[in-house]
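What follows is a single structure, written as structure tokens, with notes after it.
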Amino acid sequence: MDAINEKYALAFVSLAGVSPAYRAEVNDSDWKRIALLIQAEGGRLIAIWGGERGRDGNSDLFISAAYCVAEGILWLRMPVKASEGYPDLSAVFPFAARMQRAVYDLVGIPAQGAPDQRPWLDHGVWTSIFPLRQHCDEKRTVAGLEQYPFVKVEGDGVHEIAVGPIHAGIIEPGHFRFSVVGEKVLRLEQKLGFAHKGIAKLFMQRTLADGHELASRISGDSALAYAWAYCMAAEAVSRCDIPLRAQWLRALLLERERIANHLGDLGALGNDAGLAFGLSQFSKLREDCLRLNEQLFQHRLLMDVVLPGGIKNDLDSAGIVLLQAQCDVLEREIRKLQIIYEEHSGVQDRFITAGKVSPALAAKLGLCGLAGRASAQAWDARTDQAITPYPQLNVRMATHRNGDVAARVIVRFEELLEALRLSREILRQLPAGPTRLALPRSGEAGTGIGWVEGWRGPVLVALESDAQGRILGCHCHDPSWQNWPVLEHAILGNIVPDFPLINKSFNLSYAGHDL
């Protein structure tokens, strides 16, 4: 502790839990100084969020930031006044801009000096009585999407294509404004926030014991990752050491969530490249995976399986046999399909060089998760900040350097096969014992951090509770916050018809972003 305090010239407090995490109260000058120091040493900004210090709606405001550094997770919190705001961090970490705009929309705290202060979550229908904006004036509110100040691209032959927020497919809402010449994309600008649900306030109506139900429903394709991260934070607050068997089963379920999503994406990517055969084959494999989830754990998407204190459903010997057999079938079929994808000239023609993100650009913009690893960003919480049982499993991180659709497909195949290997190892080494303990009442207010490498990238949950176990604040962060802005760069120079393919190769979350 002395070393980290000396390094950053702050008074950190170590947070309980299985993942190393530290929290410090900072002032205005520390806010940007620490950001510059962390950037210089190669650390990463994870999230920025704002809130109130209590449940009554009249408490002081604060701004928080979470960073990932060699020592673990750093949580900085600073008291602020809505009239004064806090120093802008977008010049240090570019993707901070959208999070800062969201903080203003939700809480009314501005980032002083930020070059982009347009609304982000607010689409012109919020009022001053909206519960998350009690401290916010209405000076910036715009009258709907039509008047949102998109950046204009001018020149001979330039025109705009507006896509969404309602799409032709059955997907969540998001708006994409293309500036093009012919079919070549000169600029893409996104407008998200249509799936905003007021998650922060909903958490404040819950307790540590039942908050996992809300966490697992933030983004359906990452239900397990969010639930585990939330439970990790809640267990840290409560000083609860969960049974070893439950920890291993959580890892098994996380890998099954990763498997199901990679199977679905690989099928969709094949379909977008004109190979409908790939969609049908991968869809069947994914459906088999989800059906076995329901059979063994009572939910296809694994909602409500991970609970504070452990796991809801144990796994018997017959279930272990079924899972092992499915791993064998999946690996055999995936290897066959990988060869088909790699040898199909039409598919490779669409994949190679499409949506390229160079390692330098990925590092500058903070690209993370599987998309980051496809652009040489070798970050994976299962290896960097590994928690049980991952240190015992020797996770093999899948990385690539080309940063195009082809590279993101390769990373998916490699992560699929590694997830199957990890699943087998977990089933082989699964320790005996109970699967759940009651969540104890600590009798005092507490703070905890949860940090899990979901299939899309790292998921963070920062949690605070009072002495009665009621949630005072809970911030859930999706890696899509980092990756959505990178998609705007990945499409540049490509043609409009390649956007669905490039977009699917990232497959970012609307619901996880629009909290």
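The values are calculated or read from the model by the stated rules, or taken from the named source; none is laboratory data. In this text the structure is predicted, and so the values were computed from the model without any measurement. Cβ sites come from the backbone with ideal geometry, for glycine too, and all protein chains shown count toward neighbours. All accessible areas refer to the heavy atoms of the entire protein, side chains included, with ligands and DNA or RNA removed. Shrake-Rupley method; radii C 1.70, N 1.55, O 1.52, S 1.80 Å.
In a Debye calculation with equal point scatterers on the alpha-carbon sites of the range 414-515 and no solvent, what is log10 I(q)/I(0) at q = 0.10, 0.11, 0.12 Å⁻¹? Here the Debye-derived log intensity ratios amount to -0.52, -0.61, -0.70.
Each Cα pair under 8 Å and six or more residues apart adds its sequence gap; the mean of these over the residue count of the chain is a relative contact order of 18 percent.
Semi-axes of the equivalent ellipsoid for the range 293-391, computed as √(5λ) from the eigenvalues of its C-alpha gyration tensor and ordered from largest down, come to 33, 24, 12 Å. Projecting the Cα atoms of Gln39, Tyr341, Phe297 onto the charge dipole of the chain (Cβ charges, centred on the Cα centre) puts Phe297 farthest toward the positive pole.
Restricting attention to the range 146-188, which trypsin sites (Lys or Arg not before Pro) occupy a DSSP loop and are surrounded by at most 12 other Cβ atoms within 10 Å? Those satisfying the criteria are Lys152.
Ranked by the mean number of other Cβ atoms within 10 Å of their residues, highest first, the peptides 234-246, 12-24, 331-343, 308-320 fall in the order 234-246, 12-24, 308-320, 331-343.
Take the solvent-accessible surface of the protein heavy atoms, probe 1.4 Å, and return the percent of it on the range 277-353 that carbon and sulfur atoms account for. Before the final figure, lay out the partial values.
Details: 2070 of 3940 Å².
Carbon and sulfur together cover 53 percent of it.
Would you mind getting the Kirkwood hydrodynamic radius of the chain from its Cα pairs, rounded to one decimal in Å?
On the way: mean 1/r = 0.0424 Å⁻¹.
Answer for the chain: a Kirkwood hydrodynamic radius of 23.6 Å.
What's the center-to-center distance, using Cα atoms, between the range 449-465 and the range 327-342 in Å? Cα centres, the range 449-465 to the range 327-342: 31 Å. Computed from phi, the 3J(HN,Hα) profile of the range 214-222 under the Karplus parametrisation 6.51, -1.76, 1.60 (θ = phi - 60°) reads 6, 4, 6, 10, 5, 9, x, 6, 10 Hz, with x in place of Gly and Pro.
What length, rounded to one decimal in nm, is gained on full extension from Asp316 through to Asp28, with 0.36 nm per residue of separation minus their alpha-carbon distance? Intermediate results must be reported in sequence, preceding the final value.
On the way: separation 288, 0.36 × 288 = 103.68 nm, distance 5.43 nm.
Length gained, Asp316 through Asp28: 98.3 nm.
Here the translational diffusion coefficient of the range 204-302 follows from Stokes-Einstein with Rh set to the Kirkwood radius across Cα pairs; for 20 °C and 1.002 mPa s it amounts to 143 µm²/s. With all protein chains kept in place, the per residue accessible area of the chain amounts to 38 square angstrom at a probe of 1.4 angstrom. Length gained on full extension, Thr383 to Ile495, computed as 0.36 nm times the residue gap minus the Cα-Cα distance: 36.6 nm.
Determine the relative contact order of the range 409-515: mean sequence separation of Cα pairs under 8 Å and six or more apart, normalised by residue count, in whole percent.
Numbers: 95 pairs, mean separation 18.6, N = 107.
Taking the mean separation of contacting Cα pairs over the length of the range 409-515, I get 17 percent.
Between their Cα atoms, which of Lys152/Lys364; Lys7/Lys201; Lys191/Lys284; Lys184/Lys504; Lys81/Lys201; Lys284/Lys364 are more than 29 Å away from each other? Before the final figure, lay out each step's value.
On the way: Lys152/Lys364 24 Å; Lys7/Lys201 36 Å; Lys191/Lys284 34 Å; Lys184/Lys504 19 Å; Lys81/Lys201 20 Å; Lys284/Lys364 38 Å.
Violating the 29 Å Cα-Cα cut-off are Lys7/Lys201; Lys191/Lys284; Lys284/Lys364.
A crude spin-label estimate for the pair Arg401 and Glu342, with each label 7 Å from Cα along the Cβ direction, gives 1.9 nm.
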